[in-house]
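A quick write-up on the structure given underneath.
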Amino acid sequence: MSGTQASVFSFQQKIEQLLVTRHCSGTYNLEPGKARLFYSNKSGDKVGFIDFASPNGVDNTQLEDLVSVCEPAKFGRGNEDVLDESYRKAWKLDASRFATQLDIASSGILSTVREALLQYGNSRHTLEAHLDKMNVYGPGSFFKPHVDTPRDRDMLATLVIVLPTEHEGGDLLLGEEKWQFNSAEMVSKSENSLATDGIEVTMHRLAFAAFYSDIEHEVTPVKSGYRVTVTYNLYCRKGQDPLSSRARIDIALSPAEVTLIAAMKAFLSRPEILPSGGIVGFGLTHFYPIEPKADEDVDRAFEGVLKGGDALIERVCQYLGYKVKVKALYGYEEGNMGSSDTPSVRRMDSYHSMYLTNRYTSSMDEYAERVDQENAEEDWKAYWLETGAQVKSLTDTGRSSRRKAVLWLTRPNWLMASKTAYMAYGNEASMGYVYGSLVLTVEVPDAKTRLGNGEEEGENGDEGQADDSSESEEDY
Ligand SMILES: O=C(O)CCC(=O)C(=O)O
Ligand SMILES: [Fe+2]
């Protein structure tokens, strides 16, 4: 391993330690009179309610009545909603057939979740919760590994509320490390507190968990009792900025940011790293909802709304004064840049060149699939470690334009569990959005300029990789 590769490798390890998948969970004591759930059957001629704050708790007869108005829960396999009880066994009730008194905003649940999920994001972005459905998991109910289908480009996360009922099993397992949300135990604890009239009452608590929707998750079988959940889709809406750009709100740096800033500064101060300047690229950890047909600009779409560790990298690069761009990355085979310019995706080691583009087209699906191929990991790593690989940018007509040296620092989607779920299993049929794999890039000047002892433009323009290095940074 060359000296450069060794420093890239150790820097890569440092970053990856900081990029953990973020999720959040907790409990909330239900206040009497504020935790009823009303429901109706399909025709609306039968209605009922359950008071989850009732001091006596909720009994199985009440839950069986709720089940009697529910339907078997389907899930999405590709573009279809399917009923397959070997993959998902549960009941569901659409949002149109129930209402809950629970207010996730005034209870503070939503702001707690926002703080965790948008930790490094823009402080002006809001987290909007849309009630999705209610599910009941009875004895033997479960939901095998899946991701939550993106409903819209802004869909960021899923919030699951587990209401207090006595049950066993039905844990939510999340991500590669199978983080466990043991909701049965969390809701089993109740507290006695004094009501205003001095009488002691039992307060029951709900449990909640929120996680980025592209993280693979599953619900283990319920062993006894009924597990009742209300789920919300959480959308990150970009903040409007009616004020001048000087009126920004900047949140103080977190320890992870401080560590990464120092590491990045030290790394880029090494003269052997991109000596003539070029692009530093990061494969994003998370998948992002993309509408392949929309042909939208991914940089504009995702700038400032990245998830978890991806947002951490973005914020650190911005802090260091670099302009960050979100891009799609394609590989092209030699000789395949004919007039049709249809991207052809092949194994990384057979690529002639890599292309960075602002557009994500349906061919990027194949690109994402390629990452999933068996044994692809090794090739991918080797490529990702390669220094001085080149990228070109694609113009809107699909023709290549300028070349730049690129140094890849993190592998894409490496924290995600089995990638098959992204293609095959969603909690709903796909609705025109797919999870796409993206990269983040920053352009860095040559080593002399970085070390503060060179001319602004750099002296060494003959590296041979940048055939048009005088172009503005907007051009890659
Ligand atoms: O109930 C849970 O904990 C998660 C449910 C879920 O994954 C879903 O409904 O998509
Ligand atoms: Fe799910």
Of all the C-alpha pairs in region 14-172, what % are more than 22 Å from each other? 53 percent
Taking only protein heavy atoms into account and a 1.4 Å probe, give the accessible area per residue of region 133-220 in Å². 35 Å²
At the level of C-alpha centres, the distance separating region 256-291 and region 143-184, in angstrom, is 32 Å
Sort 92-104, 214-226, 147-159 by the packing proxy (mean of other Cβ within 10 Å over each peptide's residues), most packed first. 147-159, 214-226, 92-104
Could you calculate, for region 176-324, the ratio of the Cα radius of gyration to the Kirkwood radius, expressed as Rg to Rh? 1.10
Additional length obtainable on full extension of the chain from N29 to D65, 0.36 nm per residue less Cα span: 10.5 nm
Rounded to a whole %, the carbon-and-sulfur portion of the accessible area of region 1-108 at a 1.4 Å probe is 47 percent
Stokes-Einstein translational diffusion, region 116-212 - Kirkwood Rh over all Cα pairs, 1.002 mPa s, 20 °C, in µm²/s: 132 µm²/s
By average C-beta atoms within 10 angstrom, highest first, the peptides 206-212, 301-307: 206-212, 301-307
Fraction of the pair-distance distribution of region 95-138 above 14 Å, Cα-Cα pairs, percent: 60 percent
Step through the table entries K293/K327; K293/K325; K89/K133; K92/K144; K74/K307, compare each Cα-Cα distance with 19 Å, and write down the pairs that go over it. K293/K325; K74/K307
Accessible area per residue for region 42-100 in Å², computed with a 1.4 Å probe and the full protein assembly in place, what is it? 55 Å²
What FRET efficiency comes out for F9 versus K178 if R0 is 22 angstrom and r is the Cβ-Cβ distance? Round to the nearest 0.05. 0.20
Whole-percent carbon and sulfur share, accessible surface of region 170-312, 1.4 Å: 53 percent
Taking loop as defined by DSSP and a crowding limit of 10 other beta carbons within 10 Å, which chymotrypsin sites (Phe, Trp or Tyr not before Pro) in region 138-185 fit? none
Cut-off under 5 Å, modelled amide H: who pairs with D171 long-range: T220
What spacing in nm lies between the two simple spin-label points modelled at S190 and A252, each 7 Å away from Cα in the Cβ direction? 4.1 nm
Starting from the Cα gyration tensor of region 18-110, take the square roots of the eigenvalues, sort them a ≥ b ≥ c, and report rounded, prolate or oblate (rounded when a/c is under 1.5, otherwise prolate if a/b is larger than b/c, else oblate). oblate
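The values are calculated or read from the model by the stated rules, or taken from the named source; none is laboratory data. Keep in mind the model is a prediction, meaning the values are calculated, not measured. In this analysis, Cβ positions are derived from the backbone assuming ideal geometry, glycine residues included, and neighbour counts consider all displayed protein chains. In case anyone asks, the SASA skips ligands and DNA or RNA and just uses the protein heavy atoms, side chains included. Shrake-Rupley method; radii C 1.70, N 1.55, O 1.52, S 1.80 Å.
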